[in-house]
Amino acid sequence: GMHLIHQHQSPNCGSRRGGLVPQFVILHYTAMASADAAISYLCDPQAEVSAHYVISKSGQITQLVGEGQRAWHAGAGEWQGLDDMNSRSIGIELDNDGESPFAAPLMDSLEALLVRITGVWDIPPDHVIGHSDMAPGRKIDPGRFFDWQRLAAKGLAAPAAPSSQQLEANPALFRQRAQAWGYTAPVDDAALLQAVRLRHRPLATGPLDPADIAVLSLPTRSRS
């Protein structure tokens, strides 16, 4: 079940611009010594960053910014051709160093929190993304150890949908598929490949491979 959500108000927030409401969830890792250290940083006015939630390795959820407010977690970047992602999203920081698997209690709490958030705001699975998805080349979190397949299996993120088509390693086709998926930030081929692999083929290395294109077959989207 979901832990009691602790409240620890961060001053680093404001109103969502243009009457926008949350339509995306963006996942991050803290890359800090502890969840407490991350919370202190995200509440420091000098840092000028924040997120709506921090989830510790033990699974404790701390809310720093109300969901209706605009937190400062996403920065420059875009997804599906949209910018000002801070006004369009809820940001969740996960207590992880980026170099090891995410703790089981943390993942359990994240799943419970996502079920509630996506239900309340009617956010479809393909609108749950990583920081690296919207800021390729600039950000790599939540990183190659994050278990996207688990979320996809629970209907809480879009699954990679490998097709069995025989494809060539064609950079133009790769970019076209990636943009259709949502990777619309203007970045070079290498940054785009890194971002797609972080999300869908975390163990892959080397130059563009037909499998990088096959994995971007568009997920079937359930829209109400």
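Overview of results
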item: Candidate set: region 81-101, residues that are polar (S, T, N, Q) and crowded, with 19+ Cβ neighbours inside 10 Å; chosen: the one farthest from F145 (Cα to Cα); result: S87
item: Candidate set: region 122-158, residues that are of a type in the set (G, A, S) and free of Cβ contacts under 8 Å to residues at least 60 places away in the same chain; chosen: the one most open to solvent (accessible area, probe 1.4 Å); result: A153
item: Residue count, region 71-80 (criterion: at pLDDT below 95 and outside any loop (DSSP other than H, G, I, E, B)); result: 0
item: Residues satisfying the stated conditions in region 81-105, i.e. closer than 25 Å to Q23 by Cβ and assigned to a helix (DSSP H, G or I); result: M85, N86, S87, R88
item: Any chance S40 is among the small types (G, A, S), at pLDDT 95 or above and open to solvent by less than 50 Å² (accessible area, probe 1.4 Å); result: no
item: Selection within region 170-186 - under 16 Å from H127 (Cβ atoms) and open to solvent by 50 Å² or more (accessible area, probe 1.4 Å); result: A180
item: Matching option when the condition is open to solvent by less than 20 Å² (accessible area, probe 1.4 Å), assigned to a strand (DSSP E or B), within 26 Å of L4 (Cβ to Cβ) and not basic (K, R), among V54, V65; result: V54
item: Residue ID - nearest to H28 (Cα to Cα), chosen from residues in region 126-148 that are assigned to a helix (DSSP H, G or I) and modelled with pLDDT of 95 or more; result: H131
item: Residue pairs meeting the criteria (Cβ under 9 Å; at least 6 apart or on separate chains; first more than 16 Å from G59 (Cα to Cα) and outside any helix (DSSP H, G or I), in region 106-119; second open to solvent by less than 30 Å² (accessible area, probe 1.4 Å) and of a type outside the set (G, A, S)); result: none
item: Selection within region 1-35 - more than 24 Å from L156 (Cα to Cα), in a strand (DSSP E or B) and open to solvent by 40 Å² or more (accessible area, probe 1.4 Å); result: Q7, S15
item: Region 102-121: number of residues that are of a type outside the set (D, E, K, R) and surrounded by fewer than 15 Cβ atoms within 10 Å (Cβ to Cβ); result: 4
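The values are calculated or read from the model by the stated rules, or taken from the named source; none is laboratory data. For clarity, every value in this text was computed on a predicted model and none was experimentally measured. Heads up, the Cβs are rebuilt from the backbone with ideal geometry, glycines too, and the neighbour counts pull from every protein chain shown. Keep in mind that these areas ignore ligands, DNA and RNA; they rest on the heavy atoms of the full protein, side chains included. Shrake-Rupley method; radii C 1.70, N 1.55, O 1.52, S 1.80 Å.
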